[in-house]
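In what follows, a single structure is set out as structure tokens and then discussed.
What follows draws every value from the coordinates through simple rules; no lab data is involved. The shown structure was predicted, so the numbers you read here are calculated from the model rather than taken from an experiment. Because the Cβ atoms are built from the backbone with ideal geometry, glycine has one as well, and the counts that use them run over all protein chains shown.
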């Protein structure tokens, strides 16, 4: 199969006309100029780029976007009013299957061809995404939510799927303690056992100030929030820590030392008024960084819009922070690189998020109504519409949304 278009190999450079040959679910060849045979998709005016990767999403919350109740407690109140009822619906296996399929189709429509995500505590939430993955083979790291307090009984830890480091198709199962507020020491210890063979750990850290205060009350012997996870052996180079808005220097240093990944979720932090992420602190400490939509707190599935929000939050820091040095504002190319190659590397997918021979054939063909010039990436990020995508290649196959 051959695709034709300008090849967006490096977002820091203007894409050049060329073509991509796909064989055995991989990129077999990249060429310049006109293709050697009639392309299956694209033309000289198209743009070919890697599919987007979302490093933090909650599939059971796919229909809870925009539920913004007037409340003073932010995150915790929103969880109880909006999120927990949404996740309770997944008690019904048929509903879970339907919702997993909806989430997959909506990610595909937005160009997200890989993700790291949370399910619910229900055993069948795992089988639901496995079945969705059979029909639409998005690359994924996903796991059951682990909680044993702070929510209704049906959402608490019960039966765990046999998941640690197992793979079902293109889905690798992870260990997902929701956050320290919802987990006892015993459950966090169990999470470490379940992740001991190298499975990814996904959790939340320091999203809101009230959450941090509760963790200090629940774990009074730990010097800070991050230390709770570290004491249980949950900070490794395969740990994804969502948010990290309210961290002290000691916590940044510990995360950097453990080589854990901080997943910045700018749209969600704004929606819940959790705070402004300190990108400079992450950069100064050499922390590995990824970007996530955090649907449903984040209102946008489209990762270019999340990338735009990352830039805008950094610009807010410039306008509001009184710092000796001017805060760093990512360029559009930097932000685009994170939602493709950067997020792939954070998820240990060295063959994803890039246009190169041998990489997985998870690609998008775009048609945009503006010049493909030096401002291309900025135009894409600031004007993004899913309608820019004319074709989607998933695991080497052209996928039509209407047929999935």
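Before moving on, here are some points about what is shown:
- Given their separation in residues at 0.36 nm each and the Cα-Cα distance between them, residue 80 and residue 189 gain 36.7 nm when the chain is fully extended.
- Label point distance in nm, residue 93-residue 44, each placed 7 Å from Cα along Cα→Cβ: 5.6 nm
- Cα shape, the stretch 52-346, gyration tensor, a/c 1.5 rule: rounded
- Between 0 and 90°, nearest 10: helix 209-218 axis offset from the chain longest Cα axis: 50 degrees
- Residue 284 paired with residue 26, simple spin-label distance in nm, labels 7 Å along Cα-to-beta-carbon: 4.3 nm
- Cα gyration tensor shape of the stretch 44-145, rounded if a/c is under 1.5, else prolate or oblate by comparing a/b with b/c: oblate
- Helix-derived mean residue ellipticity, 222 nm - over the chain, DSSP H n ≥ 4, -39500 (n - 2.57), to 500: -8500 deg cm²/dmol
- Averaging Cα coordinates gives a centre for the stretch 333-355 and one for the stretch 374-396; these two points are 15 Å apart.
- As a ratio to 2.2 N^0.38 Å, the alpha-carbon radius of gyration for the stretch 217-342 is 1.06.
- Our summary gives the stretch 194-250 a relative contact order of 55 percent, counting only alpha carbon pairs under 8 angstrom and 6 or more residues apart.
- Rel. contact order, % - alpha carbon contacts under 8 angstrom, at least six apart, the chain: 20 percent
- For the peptides 310-319, 136-145, 329-338, the ranking by mean Cβ contacts within 10 Å, running from highest to lowest, is 136-145, 329-338, 310-319.
- In degrees, nearest ten, helix 249-258 long axis to first principal axis of the chain (Cα): 60 degrees
- Residue of 269, 34, 176 that the Gaussian network model of the chain assigns the largest fluctuation, springs spanning Cα pairs under 10 Å: 34
- Distance from the stretch 6-37 to the stretch 116-131 (C-alpha centre basis), Å: 35 Å
- Folded to 0 to 90 degrees: helix 124-135 orientation relative to the chain principal axis, Cα: 0 degrees
- Burial order of peptide ranges 121-129, 206-214, 19-27 (average beta-carbon count within 10 Å, highest first): 121-129, 206-214, 19-27
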